[in-house]
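Asker: Submitted below is the structure of interest, expressed as structure tokens.
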Amino acid sequence: MSATEAMEERSEKMAIGCEVVQCYAQLASTVRLMARLAQAGDWGRLPELEARCEEIVERLKVIEPLTTLYPAQRQEARRLIECIQRDQMQVSDAVKPQLERLMVTMTSLYQEKNLGDVYGPKH
């Protein structure tokens, strides 16, 4: 491999490394927004943001194996991953009670339907 080719390959890997860190930054920003919305009980945008997270993760699956991050990039990626994990926990903590209420409501509706099937509709 010539010096020019080696330099081009190194430059490409550095660019991909930057994109990896940028993807983690986008993911962290998106998950942080999800945490804020979930804590405020603003559930409407969560599916859209979750889809955005999935797109970013899919991109990371493609590009991350193509490069080795430099120490500073690796450190920044770790920091961002920690932020993502913290914010994901906040989203989960906010969503869990909502899911439990939904399950109770669904169970109640199911039982009501079964009673209606057996005894007829409520009067």
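Asker: Condition check: closer than 23 Å to E12 by Cα and crowded, with 16+ Cβ neighbours inside 10 Å. Does E64 satisfy that?
Answerer: yes
Asker: I'd like the full set of residues that are open to solvent by 40 Å² or more (accessible area, probe 1.4 Å) and modelled with pLDDT under 95, limited to the stretch 21-44.
Answerer: Q39, A40, D42, W43, G44
Asker: Give me the residue from the stretch 107-123 that is of a type in the set (G, A, S) and modelled with pLDDT under 70 and, out of that set, surrounded by the fewest Cβ atoms within 10 Å (Cβ to Cβ).
Answerer: Checked the stretch 107-123; the qualifying residue surrounded by the fewest Cβ atoms within 10 Å (Cβ to Cβ) is G120.
Asker: How many residues does the stretch 71-106 hold that are more than 19 Å from W43 (Cα to Cα), more than 12 Å from the chain's Cα centre (by Cα) and open to solvent by 50 Å² or more (accessible area, probe 1.4 Å)?
Answerer: Within the stretch 71-106, residues that are more than 19 Å from W43 (Cα to Cα), more than 12 Å from the chain's Cα centre (by Cα) and open to solvent by 50 Å² or more (accessible area, probe 1.4 Å) number 8.
The values are calculated or read from the model by the stated rules, or taken from the named source; none is laboratory data. Bear in mind that the values here come from a model prediction, so they are computed numbers and not experimental data. Here Cβ is always computed from backbone atoms with ideal geometry, including for glycine, and neighbour counts include all displayed protein chains. Side chains included, ligands, DNA and RNA excluded: accessible areas come from the protein's heavy atoms. Shrake-Rupley method; radii C 1.70, N 1.55, O 1.52, S 1.80 Å.
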